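Read the structure below first, then the notes.
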Amino acid sequence: MNENPDWFYIDEIYPKGLVNTPLEDKLVISRKDSQHKRPPFELNRDAIAAFRHTVMQKEFKCFRGVKARAQDVFPLFKKFISEMKRYYRSEDLPEARSFSFLEEVSGPSFPESAVEQVLDKKKMNLINFIKKYRPHYGVLSEIIVVGPYPRDSFFDRIERAFSPAKTYLIADQVSEFSASEIRRNKDNYKIFFAKSIKSSGLVHAKMYLLKWSLPNKEFKRTLFVGSANASYNGFYVNAEVLNVINVSGISKDERIKVNRYFNKIKCG
């Protein structure tokens, strides 16, 4: 499921073509020298997202895994395609908002004291990284994560270390399979899928807004913007760059923009 689906044309079928296999014994062949018909529809990003959404439904469990059998799949195939079409044409995948405003607020309008660039993370892991920028006595009340390719391990570590009251994930629609594994049954987790205004592009921004509750009942926010995905590789393996922005340290107008923007996207 980590790779995109593609069309496979069957030219020849050999009922007893496989031996010594616990699976089916049919062998199907797609010939390179055959003139194949045009596919029924293009497997673009929206179609792939619809496929991944549909194949994860309980009714179509038999479509998944190496033990999928034709005798189980074929009777449900027309229904599977119908469900894909329904999802493809629905409004379930909202149009993503433009991220261009962050190009403005992450520029010269931020005082140098409010921004720190982290380049070398050899000795820095996810939890220590967040703790480094946690306000004194701050309790993580909310985290908003925006980006592609999220992983459950990232959110597991966040929850064990900080137990945020609310978590919001806004993921690119191509990440629906991995995002569907992330605490979808917990009330304090909200997951939304988005797509780029340009159909060929990804929602590729990586942003993390952490809201800290303080003993005096005030709040402080820390914004991370950079290259790291919400994954183990993003914060433990790869060489990444993150801008760490103390939202309290920017101008009032820019602070209002940041808060308004994230309040909008966390509602889907």
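Quick note: the coordinates plus some simple rules give every number you see, no bench work behind them. Not measured: the values here are computed from a predicted model. All Cβ positions, glycine included, derive from the backbone under ideal geometry; neighbour counts span all protein chains shown.
Kirkwood Rh over alpha-carbon pairs of region 12-89, then Stokes-Einstein at 4 °C and 1.567 mPa s: what D in µm² s⁻¹, rounded to an integer?
Taking Rh from Cα pairs, D becomes 88 µm²/s.
Between Ala161 and Ala70, what is the label-point separation in nm under the 7 Å Cα-to-beta-carbon projection?
5.1
Taking a 20 Å limit on the Cα-Cα distance, which of the listed pairs Lys190/Lys264; Lys61/Lys190; Lys132/Lys220 fall beyond it?
Correct reply: Lys61/Lys190.
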